[in-house]
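Visitor: Dumping the structure here so I can ask a few things about it.
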Amino acid sequence: MEEILNQYETVHPNDATIWFKAGNVEDFPTNRGGCIKYKNKQIAIFNFTRRNEWYACQNACPHKMEMVLARGMTGSADDIPKIACPMHKKTFSLVDGSNLNAEDYKIAIYPVKIIEKEVFIGFTD
Ligand code: FES
């Protein structure tokens, strides 16, 4: 489990050195998640049309390390965009990855860029 968690680390937009093309805008459902693989990482990508924003995070839920966050429900809590894990409903901020249930779980967040209807996710390696 530790090994899987260590694969994921939040990337701040200014730190991204690689912008990986994840697909085209129409490849991703609206207000729900899609999943891509980058190296050994599964990345959940959300086209949050209700907010006109895109987010990306690790697909692994840190609670039980299930690869499920892409299938979670998007929403907002106090205007913070969030994802709720479909398994046990733990919720995470899509801005900083913090757990919104005040528990000691955190997810890695990745920057998203849309350029001419193509979706790019930022990584550092
Ligand atoms: S596996 Fe995600 S909340 Fe339990």
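Visitor: Which value at 222 nm does the chain reach when only helices count, each DSSP H run of 4 or more adding -39,500 (n - 2.57), with the total divided by all residues and rounded to the nearest 500 deg cm²/dmol?
Guide: The helix-only estimate for the chain comes to -1000 deg cm²/dmol at 222 nm.
Visitor: Now for a different question. Show me the ranking of peptides 44-54, 13-23 by mean Cβ neighbours inside 10 Å, starting with the highest. Intermediate values should be presented prior to the final figure.
Guide: Values: 44-54: 17.9, 13-23: 13.2.
For the peptides 44-54, 13-23, the packing ranking is 44-54, 13-23.
Visitor: Turning to a different aspect of this structure: With N set to the residue count of the chain, report its C-alpha Rg divided by 2.2 N^0.38 Å to two decimal places.
Guide: Working: Rg = 13.2 Å, N = 125, 2.2 N^0.38 = 13.8 Å.
Scaled against compact globular proteins, the figure is 0.96.
Visitor: Please list the non-local residues whose amide H lies under 5 Å from the amide H of residue 48, H modeled 1.01 Å from N, same-chain partners needing a gap of 5 or more.
Guide: Result for residue 48 returns 31, 53, 54, 55.
Visitor: Additional query: Can you give me the relative contact order of the chain as a percent, contacts being Cα pairs under 8 Å and 6 or more apart?
Guide: Value for the chain: 30 percent.
Bear in mind these aren't lab numbers, they're just calculated from the coordinates by the rules spelled out. This one's a predicted model, so the numbers in the text were calculated from it and none came from an experiment. Backbone-built Cβ (ideal geometry, glycine too); neighbour counts: all protein chains shown.
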